[in-house]
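Chemist: Take this structure, written in structure tokens, and hold onto it; I'll ask about it next.
The values are calculated or read from the model by the stated rules, or taken from the named source; none is laboratory data. All of these numbers come straight from a predicted model, not from anything done at the bench. Cβ sites come from the backbone with ideal geometry, for glycine too, and all protein chains shown count toward neighbours.
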Amino acid sequence: MKKTDTFFVIHNFNTVPEELLGFCENYVIYDASTEKKTRDELERKGYPYIPIENTGHNITTYFRYFADNYDKLPEYMCLCKGNMLGRHCSKEYFGRVYDNKYFTFLYEDKDIFAKLKQQGIMSGEGEPVECLVSESHYLEENTSWYVESPNHPHRYFDEYNSMLTFIYKKPVIPKYNVFSPGACYIVSRGQVKKHTPEFYRNMNKIMNYGLDPSFPSEAHHVERMLPVIFGESYEENEWMNDEALFDRKIEERIPLIQFQDSIRGKRMKKLRKLEYKLKKGIGL
């Protein structure tokens, strides 16, 4: 198999991504493993890595890489997780797309309809409201159902739409989101450089404020927003490119969200909790 010159940015957790590394010439591993044996094995096999704090998800790793290497980004990057093969896509699928030189969703699920029906995720007409619109593009109704998870608290945003309008001026509010569950993509330097290093550092502040008990639900919003970040041309709000201003603006969100949580109608809360129970298991 020919190795690609696409640079692999790998977020790794408690695994040795040996099979994945067989696809690329150059890579960086950001290792968030909590098991000592993983790093021992990485070192034994001669795989260099950068130790990082475990934030519970992979998107902050990508954004950190963008900000830290902004002036020397590779032409093409594969943003992936150490356990991507077999979890988010098959080796067969990845073998067909790993050398793509264009925006590529790294996701595949041949059994999605059976899984959705088994989980009871149905619309009023008896069909799943989530589906694949192509081999790798996952479509989901934009309801922010995951916010009610007790495992993924929220501090700044309790819905996708409010985060989107905080980041961008006058974005289209979608009825559906199309994204890659697991947040794995092939992207170009040009796509990444649509935004500034400050933008990516500020985005990480939204997602990495704690693990209590797991990562914030804001990371689920960003997971669904990545195709917008990489593909759309919306104008950012000025605070997204100014870290000091951003810090003030994001803190203003806290009392607003606390107030909204306190007055949210019982009916809406019950509906969201029911929706969460039906849909748990899809995504990061």
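Chemist: In region 147-191, how many are closer than 24 Å to Y70 by Cβ and out of contact with any Asp or Glu (no Cβ under 8 Å at 6 or more places or on another chain)?
Modeler: The total comes to 9.
Chemist: Mind checking which residues of region 24-48 are surrounded by 11 or more Cβ atoms within 10 Å (Cβ to Cβ), over 21 Å from K91 (Cβ atoms) and within 21 Å of the chain's Cα centre (by Cα)?
Modeler: Scanning region 24-48 gives V28, Y30, D31, A32, S33.
Chemist: While we're looking at this one, here's another question. Before we move on, is R201 in contact (Cβ under 8 Å) with a residue 12 or more places away in the chain, in a helix (DSSP H, G or I) and not hydrophobic (A, V, I, L, M, F, W, C)? Walk me through how you get there before you give the answer.
Modeler: On the way: in contact (Cβ under 8 Å) with a residue 12 or more places away in the chain: yes; in a helix (DSSP H, G or I): yes; not hydrophobic (A, V, I, L, M, F, W, C): yes.
So R201 passes the test.
Chemist: State all residues of region 229-262 that are touching an Asp or Glu at 6+ places or on another chain (Cβ under 9 Å) and aliphatic (A, V, I, L, M); if no residue qualifies, say none.
Modeler: Within region 229-262, M240, L245, I257 qualify.
Chemist: Within region 166-175, does at least one residue satisfy the condition of being under 30 Å from F23 (Cβ atoms), touching a helix residue (DSSP H, G or I) at 6+ places or on another chain (Cβ under 8 Å) and modelled with pLDDT of 95 or more? Full working, then the answer.
Modeler: Step one: filter region 166-175 for residues under 30 Å from F23 (Cβ atoms), giving none.
No; the residues of region 166-175 include none that is under 30 Å from F23 (Cβ atoms), touching a helix residue (DSSP H, G or I) at 6+ places or on another chain (Cβ under 8 Å) and modelled with pLDDT of 95 or more.
Chemist: Sticking with this structure for a sec: Please identify the pairs in which a residue from region 118-144 that is over 18 Å from Y107 (Cβ atoms) and at pLDDT 55 or above has its Cβ atom under 8 Å from the Cβ atom of a residue that is part of a strand (DSSP E or B) and β-branched (V, I, T), counting only partners at least 6 apart or on another chain.
Modeler: Close Cβ pairs (under 8 Å, with a partner that is part of a strand (DSSP E or B) and β-branched (V, I, T)) do not exist here.
Chemist: How about region 64-107: which of its residues are of a type in the set (A, V, I, L, M) and under 19 Å from the mean Cα position of the chain (by Cα)?
Modeler: The initial filter retains those residues of region 64-107 that are of a type in the set (A, V, I, L, M), namely 67, 73, 77, 79, 84-85, 97, 106.
Hits for region 64-107 are A67, M77, L79, M84, L85, L106.
Chemist: Looking only at region 4-23, which residues are within 15 Å of K91 (Cβ to Cβ) and without any contact (Cβ under 8 Å) to a residue 60 or more places away in the chain?
Modeler: If the condition is that a residue be within 15 Å of K91 (Cβ to Cβ) and without any contact (Cβ under 8 Å) to a residue 60 or more places away in the chain, then E18, L21, G22 are the ones that fit.
Chemist: Let me ask something additional. Pick out the one residue from T38, T34, T15 that is out of contact with any Phe, Trp or Tyr (no Cβ under 6 Å at 6 or more places or on another chain) and assigned to a helix (DSSP H, G or I).
Modeler: Working: T34 fails: assigned to a helix (DSSP H, G or I); T15 fails: assigned to a helix (DSSP H, G or I).
Sole residue among the options that is out of contact with any Phe, Trp or Tyr (no Cβ under 6 Å at 6 or more places or on another chain) and assigned to a helix (DSSP H, G or I): T38.
Chemist: Okay, next question. Please state which of the following conditions Y209 fails to meet, knowing it meets all the rest: (1) modelled with pLDDT under 95; (2) in a helix (DSSP H, G or I); (3) under 30 Å from A32 (Cα atoms).
Modeler: In the conditions (1) modelled with pLDDT under 95; (2) in a helix (DSSP H, G or I); (3) under 30 Å from A32 (Cα atoms), Y209 misses (2) alone.
Chemist: Name the residue, out of M240, M225, M203, that is more than 22 Å from F105 (Cα to Cα) and not small (G, A, S).
Modeler: Just a single option satisfies the conditions, and that option is M240.
Chemist: When you scan region 240-256, how many residues do you find that are more than 22 Å from the chain's Cα centre (by Cα) and surrounded by 15 or more Cβ atoms within 10 Å (Cβ to Cβ)?
Modeler: Qualifying residue count for the region: 3.
Chemist: With respect to the numbered conditions (1) loosely packed, with under 13 Cβ neighbours inside 10 Å; (2) in contact with a helix residue (DSSP H, G or I) (Cβ under 8 Å, 6 or more places away or on another chain); (3) more than 19 Å from S90 (Cα to Cα), which one is the sole condition not fulfilled by M1?
Modeler: If we test M1 against (1) loosely packed, with under 13 Cβ neighbours inside 10 Å; (2) in contact with a helix residue (DSSP H, G or I) (Cβ under 8 Å, 6 or more places away or on another chain); (3) more than 19 Å from S90 (Cα to Cα), just (3) comes out false.
Chemist: Moving on. Tell me whether region 170-179 contains one or more residues that are in contact with a strand residue (DSSP E or B) (Cβ under 9 Å, 6 or more places away or on another chain), in a loop (DSSP other than H, G, I, E, B) and either in contact (Cβ under 8 Å) with a residue 60 or more places away in the chain or surrounded by fewer than 17 Cβ atoms within 10 Å (Cβ to Cβ) (or both). Show your work before the answer.
Modeler: Initial filter on region 170-179 (in contact with a strand residue (DSSP E or B) (Cβ under 9 Å, 6 or more places away or on another chain)): 175-179.
Cutting the leftovers down to in a loop (DSSP other than H, G, I, E, B) gives us 175.
Add one more test, that the residue is either in contact (Cβ under 8 Å) with a residue 60 or more places away in the chain or surrounded by fewer than 17 Cβ atoms within 10 Å (Cβ to Cβ) (or both), and what stays is 175.
Looking for residues that are in contact with a strand residue (DSSP E or B) (Cβ under 9 Å, 6 or more places away or on another chain), in a loop (DSSP other than H, G, I, E, B) and either in contact (Cβ under 8 Å) with a residue 60 or more places away in the chain or surrounded by fewer than 17 Cβ atoms within 10 Å (Cβ to Cβ) (or both), one finds at least one in region 170-179, hence yes.
Chemist: Here's something else I'd like to know. K280 fails exactly one of the following numbered conditions: (1) touching a Phe, Trp or Tyr at 6+ places or on another chain (Cβ under 9 Å); (2) modelled with pLDDT of 75 or more; (3) over 17 Å from F157 (Cα atoms). What is the number of that condition?
Modeler: Exception for K280: condition (2).
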